[in-house]
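Enquirer: I have a structure here, written as structure tokens, and I will follow up with some questions on it.
The values are calculated or read from the model by the stated rules, or taken from the named source; none is laboratory data. Computed from a predicted structure; not experimentally measured. No Cβ is skipped: glycine too gets one built from the backbone with ideal geometry, and neighbour counts run over all protein chains shown.
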Amino acid sequence: MEGGKMSLVFNAGAFAMRNQLTAGMQLRSSLRSFAKENNLLSKKDEEFLDALDDFEQQQIEREARRRHAEKNVSSIRQRSNVFSSLCAPRATTSQQAAQKAKQYEAQALSLAQQARVSAGIGDDAAAQELERRSLEATQYANQMYAQEMQLARQEAQERKDKLDREAQDYIEEKKAKQAAEAALRAMKQRRLQEAEQKRCAALNHLETARKAKRKRQQADIEAWGRRVTEGQFWIRQMQLAQRGEHPAQRLAQASLDAYREANSSVTAIAPSFTPGAERAAGGAAGSDAGRGVSTGSITTNMPEASSYLPEVIAA
């Protein structure tokens with residue numbers, strides 16, 4: 001389309017120049033008219049004047065062709081500069097390669113049209129140069145299309161590799177989360193087991209402490225009973241001696257009375273060793289002991305009186 005437009009402009013300019021009258025042509029036209037009016041124009045003179053007009057017209061047309069050729073060469077140089085900016089068949093992405101290929105195709109078509117225009121006006125050198133550049137642009141377009149396919153394959157492979165890496169990362173992350181959850185469950189289970197073991201150990205320790213406390217209390221009661229029995233024995237023996245009773249009878253009676261009084265005192269004052277009743281029993285026993293009251297309703301495992309005073313009974 002561009003070549004047809006340029007050809008139309010050139011033909012219109014040539015037609016205007018062909019019909020343009022120069023100063024010499026105007027002068028010859030005036031002489032021809034004057035000679036015809038006065039019958040002075042011969043055929044030879046008319047041919048001579050026409051030859052001069054044709055010669056001058058040819059000069060005008062040659063000048064127009066020269067100017068048009070210079071303008072065409074300038075346009076070719078501009079196109080060449082534009083083309084040289086595209087003469088780098090390299091791209092980094094498939095989209096960029098496709099765009100460059102389309103640019104090369106458009107440039108090749110434009111150069112081919114210009115070559116036809118130049119050939120039409122007889123400028124064979126410019127036409128050959130334009131044809132060469134058009135073929136070169138076509139080759140570059142083909143190279144860019146091939147590079148586009150190669151880059152598209154590389155990009156597809158890169159996308160596939162990226163998806164594979166993301167999938168592998170997701171799998172590894174999922175495995176790590178599962179391992180962390182399993183470790184957390186195991187840690188909780190170990191903590192529960194340790195807590196249960198500590199609870200059992202605490203219960204065992206508490207039971208052992210309670211047993212030891214009972215043993216100490218029983219031992220204290222027995223020791224206290226022995227001291228009470230001994231004290232009561234000597235008190236009763238002195239009381240019986242003051243009455244003048246027989247020594248053997250006095251010894252037996254004193255031992256029996258001492259045991260009875262000691263047993264009554266122990267059962268009244270000693271705790272019952274039952275939860276909750278220990279404090280009440282202790283308080284009641286303390287108040288009774290302070291008043292010197294003995295309660296015979298509570299029974300304990302007091303030994304016989306003979307076990308407290310074996311030496312005295314034997315004597």
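Enquirer: For the range 100-125, which positions are outside any helix (DSSP H, G or I), of a type outside the set (V, I, T) and out of contact with any helix residue (DSSP H, G or I) (no Cβ under 6 Å at 6 or more places or on another chain)?
Expert: The first filter runs over the range 100-125 and keeps only residues outside any helix (DSSP H, G or I), leaving 121-123.
Applying the additional criterion that residues be of a type outside the set (V, I, T) yields 122-123.
Of everything in the range 100-125, just one residue is outside any helix (DSSP H, G or I), of a type outside the set (V, I, T) and out of contact with any helix residue (DSSP H, G or I) (no Cβ under 6 Å at 6 or more places or on another chain), namely G122.
The rows are residues; the columns are (1) acidic (D, E); (2) at pLDDT 90 or above; (3) touching a strand residue (DSSP E or B) at 6+ places or on another chain (Cβ under 7 Å); (4) surrounded by 10 or more Cβ atoms within 10 Å (Cβ to Cβ).
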position	(1), (2), (3), (4)
L163	no, yes, no, yes
E173	yes, yes, no, yes
A183	no, yes, no, yes
A201	no, yes, no, yes
A212	no, yes, no, yes
R216	no, yes, no, yes
Q232	no, no, no, yes
R236	no, no, no, yes
Q239	no, no, no, yes
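Enquirer: Only one of A16, A69, A35 is at pLDDT 65 or above and over 22 Å from E129 (Cα atoms); which? If you could, list the steps in order and put the result at the bottom.
Expert: Details: A16 fails: at pLDDT 65 or above; A69 fails: over 22 Å from E129 (Cα atoms).
Answer to the selection: A35.
Enquirer: Residues in the range 145-160: is at least one of a type in the set (D, E, K, R), under 42 Å from the mean Cα position of the chain (by Cα) and over 30 Å from E105 (Cα atoms)?
Expert: From the range 145-160, those of a type in the set (D, E, K, R) are 148, 153, 155, 158-160; that's our starting set.
Among the residues that remain, those that are also under 42 Å from the mean Cα position of the chain (by Cα) are: 148, 153, 155, 158-160.
The next check asks that each one be over 30 Å from E105 (Cα atoms); those that pass are 160.
Yes, the conditions are met somewhere in the range 145-160.
Enquirer: Residues in the range 177-189: is at least one part of a helix (DSSP H, G or I), at negative phi, over 27 Å from the mean Cα position of the chain (by Cα) and basic (K, R)?
Expert: Yes, some residue in the range 177-189 is part of a helix (DSSP H, G or I), at negative phi, over 27 Å from the mean Cα position of the chain (by Cα) and basic (K, R).
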